[in-house]
1. Out of the residues in segment 23-38 that are under 17 Å from Gly197 (Cβ atoms), in contact with a Ser or Thr (Cβ under 9 Å, 6 or more places away or on another chain) and not aliphatic (A, V, I, L, M), which is surrounded by the fewest Cβ atoms within 10 Å (Cβ to Cβ)?
2. Contact list please: Cβ distance under 8 Å, first residue in segment 70-82 and farther than 21 Å from Gly146 by Cβ, second residue of a type outside the set (A, V, I, L, M) and assigned to a helix (DSSP H, G or I), pairs at least six apart or on different chains.
3. So Gly67 clears everything in (1) at pLDDT below 85; (2) crowded, with 20+ Cβ neighbours inside 10 Å except one condition, right? Which one?
4. In this structure, does Phe8 turn out to be surrounded by fewer than 19 Cβ atoms within 10 Å (Cβ to Cβ) and modelled with pLDDT under 90?
5. Limited to segment 234-272, what total is found for residues that are small (Gly, Ala, Ser) and closer than 18 Å to Ile103 by Cβ?
6. Could you count how many residues in segment 16-30 are assigned to a loop (DSSP other than H, G, I, E, B) and within 14 Å of Ile213 (Cβ to Cβ)?
7. Whether any residue in segment 228-244 is more than 30 Å from Lys113 (Cα to Cα), within 22 Å of the chain's Cα centre (by Cα) and small (Gly, Ala, Ser) is what I want to check.
8. Go over the candidates Phe21, Phe75, Phe95, Phe8 one by one and state the one that is closer than 20 Å to Ala250 by Cβ, touching a Leu at 6+ places or on another chain (Cβ under 8 Å) and of a type in the set (Phe, Trp, Tyr).
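The values are calculated or read from the model by the stated rules, or taken from the named source; none is laboratory data. The structure displayed is predicted, hence computed values, not measured ones. Note that each Cβ is placed from the backbone with ideal geometry, even for glycine, and that neighbours are counted across all protein chains shown.
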Amino acid sequence: MKEFGADFSLLLVAIAWGGTFFIVQDAVEKTPVYIFLFWRFFFAALLMGLIFYKHVRLLDKETLKAGVVLGIFLFLGFAFQTFGLTYTYSSTVAFITGLNVVIVPFAVFLLFKKFASIYSVLGAIIAVIGLYFLTVNENNDGLGLGEIYSFVCAIMFALHISCTDFYSKKCNAMAMVTVQFAVVAILSLLGALFFEGYFIPKSFNQTFFQALIITVLFATIFAFLVQTIMQKFTTPAKTAIIFTMEPVSAGVFGYYFADEVLGVSQLAGALLILVGMLLAELGTYFRKRRLSARNP
């Protein structure tokens, strides 16, 4: 039940990310990405520090190291995703980024010598096929600089998920997440100064403030805190599969709130992702039941 509860919580995280996608998309049309990322993670780190001051005050070297490592991987994921979007279609970037679902089991094995279950591997493969149909683009011209950047982004997010699983069992979650946010904010500030030459938005409009409030509270503090805490009770491979629900929920929210159209291909892709997630979830459940029956 703990694992099921953790998986359901991670599903809420994926829905939160997908639900804020079109909101962020509107905000970054007028505010450069790195500037928006800086303010998003700056306020997230500030709020985390104020709310969980007692935890942050007891910060040790191991937790500080973990937060820095996770912050670097998370920032690089966002950075390479942004670079990818400047060279290729958003649907292509979304699909290639989603390939982290098959990279995670290999990353976990290479880093920590832990095998993923056969159900998680099969679920990941089905989810990748679903991602392809969900983000298919007839104008894709093949492998280019945008695709390479997007693949590096997928590796960074896979490493973030894998290392979150490892560090969440050893470190204080509240302190580690606060450090992680601070690292992303600092690196985003440097990115804003390097690429834009400034970090204060030129327009403090309603769209910017709405996107900032929603992403700070739901897509950042809630999402990453829940991910860090709940990954103690599930596997990184299953976490990656569950996170493929992000583009599905983004499509659903876009359909209802932004008048976006979902075609047959997108619906088929969403269905396949659900099948992959259920295969990983139910396969793990029945496997544990068989093992407990053999060893009562």
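1. For segment 23-38, the residue satisfying everything is Lys30.
2. Listed pairs, sorted by first residue: Leu70/His160; Leu70/Cys163; Leu70/Thr164; Leu70/Tyr167; Leu70/Gln180; Gly71/Gln180; Gly71/Phe181.
3. (1)
4. On the way: surrounded by fewer than 19 Cβ atoms within 10 Å (Cβ to Cβ): yes; modelled with pLDDT under 90: no.
Judged against the criteria, Phe8 is not a match.
5. Total meeting the criteria: 2.
6. Residues of segment 16-30 that are assigned to a loop (DSSP other than H, G, I, E, B), as a first pass: 20, 28-30.
Still in the running and within 14 Å of Ile213 (Cβ to Cβ): 20.
Adding up the residues that qualify gives 1.
7. Of segment 228-244, the ones more than 30 Å from Lys113 (Cα to Cα) are none.
There is no residue in segment 228-244 that is more than 30 Å from Lys113 (Cα to Cα), within 22 Å of the chain's Cα centre (by Cα) and small (Gly, Ala, Ser).
8. Working: Phe21 fails: touching a Leu at 6+ places or on another chain (Cβ under 8 Å); Phe75 fails: closer than 20 Å to Ala250 by Cβ; Phe8 fails: touching a Leu at 6+ places or on another chain (Cβ under 8 Å).
Selected residue: Phe95, the only one of Phe21, Phe75, Phe95, Phe8 that is closer than 20 Å to Ala250 by Cβ, touching a Leu at 6+ places or on another chain (Cβ under 8 Å) and of a type in the set (Phe, Trp, Tyr).
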